Structures are given as C-alpha cells and as structure tokens.
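In what follows, a structure is listed as structure tokens, so that the remarks can point back to it.
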Amino acid sequence: MPSDAHQPRARLRHGLAALGLALPDERVERLLAYLVLLARWNAAYNLTAVRDLAEMVPRHLLDSLAILPWVRGPRLLDVGTGAGLPGIPLALAEPDLRVCLLDSSGKKTRFCRQVVMELGLANVEVVQARIEAYRPDEAPATITARAVADLPSLVRSVRHLLGPGTTLLAMKGARPEAEIAGLAAAGL
C-alpha cells in the first residue's frame with residue numbers, strides 16, 4: 001500500500017470502529033486496495049465524482065459497510081452497482097457472502113471485473129444486464145441499491161427478483177420520507 005494510503009487507512013479504521021465493525025487487518029488492506037484501483041480507474045473512466053482517496057473512505061467504503069448488519073446471506077444482488085458499491089466492500093468484509101454485481105454499463109462492469117480479478121474475489125460475480133432482463137437461478141436473500149432510482153421505481157424494477165424473505169436495502173440518504181410516502185401512493 002502506498003505511503004499516501006496512511007490517512008485513508010486511519011479514516012477507515014476509525015470509521016469501522018464507529019460503525020461497531022471489527023474487521024481483520026487483511027480485510028482492511030483489501031478494502032484499501034479496492035480504493036486504490038477505484039482511484040486509478042477513475043482518472044480515466046470517471047466512475048465516481050469523488051477523486052480524493054481519503055474522501056472515498058467515508059463516502060464509498062463506510063457508507064457501503066454501514067448496511068452490513070442488515071445484510072442476509074448467502075446471496076446478495078447489488079442492483080446498479082456502478083463502481084461496485086456497495087457490493088465489493090460487502091464482499092470484502094464478508095467473504096462467505098456470494099455477491100452478484102449487476103449493472104448495464106460496460107465501462108462499470110469492466111472495472112468491476114478487473115477488481116474481481118486483481119483482488120481474487122471468488123465470491124463475486126459481475127453481470128452486465130438491465131435489471132428488468134436479469135433472471136438469476138435463485139432469488140437473492142438481500143438486494144442492495146445505492147442511488148439507483150426513486151424508491152417506487154426501484155421496487156417495481158426488482159419485484160420479479162423478490163423471493164420469500166428477500167430483504168431490499170435501498171440506500172437513499174438521510175431524508176427518504178418523500179420516497180417512502182411515494183411507495184404507498186404507488187400502491188407498493
């Protein structure tokens with residue numbers, strides 16, 4: 001890990017402690033290695049608006065890992081994964097979790113495949129497809145979505161993927177009240 005990763009490492013350790021998550025050093029280093037890859041690819045492919053490695057820690061890693069206590073396995077589907085968020089951090093934190101990263105963008109799925117290869121993530125599958133066309137062999141236990149669509153549209157688009165007991169973790173920000181109210185208005 002480059003020496004300039006010291007600040008991100010300290011921020012990550014502090015943030016994990018604040019979240020009540022205890023990850024082994026090896027997993028912390030792999031999370032940081034993911035950020036280094038993201039920063040490198042981001043320079044050429046514009047995968048995220050966040051450019052600073054230290055700022056990527058709270059905005060990408062800790063934000064993704066904040067939902068870990070609600071993730072149920074064994075299968076997680078990350079809809080509209082983009083640069084692999086939250087799926088890759090969750091897969092790195094929980095190696096027994098089988099994660100499918102789903103996105104329709106070729107450049108984003110190419111990046112995710114590169115991360116899977118470079119970090120040796122045997123528990124991660126990358127699929128380039130639209131959510132409406134995706135038909136897995138079995139329903140995921142958890143579906144995640146981070147900044148994908150408004151909540152009613154998201155629920156409609158994943159309905160065909162919901163099995164008995166599937167949990168949908170929609171990462172919507174600090175004030176999702178209007179979107180939640182939109183669910184009832186849409187009859188969802």
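The values are calculated or read from the model by the stated rules, or taken from the named source; none is laboratory data. Keep in mind the model is a prediction, meaning the values are calculated, not measured. Here Cβ is always computed from backbone atoms with ideal geometry, including for glycine, and neighbour counts include all displayed protein chains. Quick note on the areas: whole protein, heavy atoms, side chains included, nothing else; ligands and nucleic acids left out. Shrake-Rupley method; radii C 1.70, N 1.55, O 1.52, S 1.80 Å.
Scanning the stretch 54-78 for residues that are touching a Lys or Arg at 6+ places or on another chain (Cβ under 6 Å) and open to solvent by 10 Å² or more (accessible area, probe 1.4 Å) yields a total of 2.
For the stretch 84-105, does any single residue satisfy the condition of being of a type in the set (G, A, S), open to solvent by less than 20 Å² (accessible area, probe 1.4 Å), modelled with pLDDT of 95 or more and at positive phi? Before you say what the answer is, go through the steps one by one.
So in the stretch 84-105, the residues of a type in the set (G, A, S) come out as 84, 87, 91, 93, 104-105.
Then drop every residue that is not open to solvent by less than 20 Å² (accessible area, probe 1.4 Å), which leaves 84, 87, 91, 93.
From the residues that got through so far, the ones that are modelled with pLDDT of 95 or more too are 84, 87, 91, 93.
Now drop any that are not at positive phi, which leaves 84.
Yes, the stretch 84-105 contains a residue that is of a type in the set (G, A, S), open to solvent by less than 20 Å² (accessible area, probe 1.4 Å), modelled with pLDDT of 95 or more and at positive phi.
T48: of a type in the set (S, T, N, Q), assigned to a loop (DSSP other than H, G, I, E, B), at pLDDT below 95 and within 16 Å of V115 (Cβ to Cβ), yes or no?
Details: of a type in the set (S, T, N, Q): yes; assigned to a loop (DSSP other than H, G, I, E, B): yes; at pLDDT below 95: yes; within 16 Å of V115 (Cβ to Cβ): yes.
Here the answer is yes, as T48 does meet what is asked.
Scoring T81 on the criteria (1) among the hydroxyl-bearing types (S, T, Y); (2) open to solvent by 10 Å² or more (accessible area, probe 1.4 Å); (3) at pLDDT 95 or above leaves a single failure, condition (2). The residues in the stretch 141-158 that are within 16 Å of D103 (Cα to Cα) and either open to solvent by 70 Å² or more (accessible area, probe 1.4 Å) or assigned to a loop (DSSP other than H, G, I, E, B) (or both) can be counted, and the count is 3. Quick one: A39 ticks every box in (1) buried (at least 17 other Cβ atoms within 10 Å of the Cβ); (2) under 13 Å from A93 (Cα atoms); (3) free of Cβ contacts under 8 Å to residues at least 24 places away in the same chain bar one, so which box is it? It is condition (2) that A39 fails.
If you go through the stretch 109-124 and keep only what is under 22 Å from N46 (Cα atoms) and surrounded by fewer than 22 Cβ atoms within 10 Å (Cβ to Cβ), you end up with T109, R110, R113, Q114, V116, M117, E118, L119.
Go over the candidates A17, A22 one by one and state the one that is of a type outside the set (D, E), assigned to a loop (DSSP other than H, G, I, E, B), free of Cβ contacts under 8 Å to residues at least 40 places away in the same chain and farther than 21 Å from C112 by Cα. One residue alone meets the criteria, A22.
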